[in-house]
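Read-outs: derived from the displayed coordinates by stated rules, not from any lab. What you are looking at is a predicted structure, and each value in this text was computed from that prediction instead of being measured. Counting neighbours? That spans all protein chains shown, and the Cβs are built from the backbone with ideal geometry, glycine included.
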Amino acid sequence: MDITEQNAAERLRLKDPDALAFVIDTYGAGICRLVERIVSGTAQPQDVEECVSDIFLTAWEKVGEFDPGKGTLRVWLHIIAKYKALDYRRKRGRGPVPEPLTEEPREPQSTEDRVISKARIEDIVRIVDTFDPVNRSLFYKRYFYYETMEEIARSEGITVKAAESRLGRMRQTLRRQLETGEEEFG
């Protein structure tokens, strides 16, 4: 049986190493670009490689937590990548000069807070997945891949102002849906 994007998660659950190789081949380049964008200026190339390896190791170990009803395998992997890369960036620092502390230190996050945070992320992904494909692409490029407005505008063939306006409307829709819990959006 060939491994496809549709059955890759199930094959990962069965601990099929070929499925892991497929996932790395299929999603590795995008995940590597995301990690590079997030840790740019704070990490060496070997740090990026280490982070990407950790991402796929986490996916291998936690594939049981993947729920296809809440999003695609690609989105799930990119969420893992985003948070792993942010962790790496925090560990490495933002640069040679530490930034001054601008707010009071936060208490360590409780298990309850982490569960609520994870549920909130799942709600956001669920809502964003209902956007039309063009808007969904804009949203993911900006907030998951950290592309600049200029990069987004160029790749979508629109002006920077149009991209900013669309993203602003999507943020309003997202905020409204998260506040009301309604599921009528698009």
- In whole angstrom, note down how far apart the Cα centers of region 120-186 and region 27-57 are. 24 Å
- Message: Take the residue pairs Lys15/Lys82; Lys118/Lys141; Lys15/Lys141; Lys91/Lys161; Lys70/Lys91; Lys15/Lys91 and return only those whose Cα atoms are more than 27 Å apart.
- Response: Lys15/Lys141; Lys91/Lys161; Lys70/Lys91; Lys15/Lys91
- Query: For the residues Ser40, Ser137, what sequence is obtained by ranking on other C-beta atoms within 10 Å, fewest first?
  - Reply: Ser40, Ser137
- Rounded, prolate or oblate: which fits region 1-95, taking a ≥ b ≥ c as square roots of the Cα gyration tensor eigenvalues, rounded meaning a/c under 1.5, else prolate when a/b beats b/c? prolate
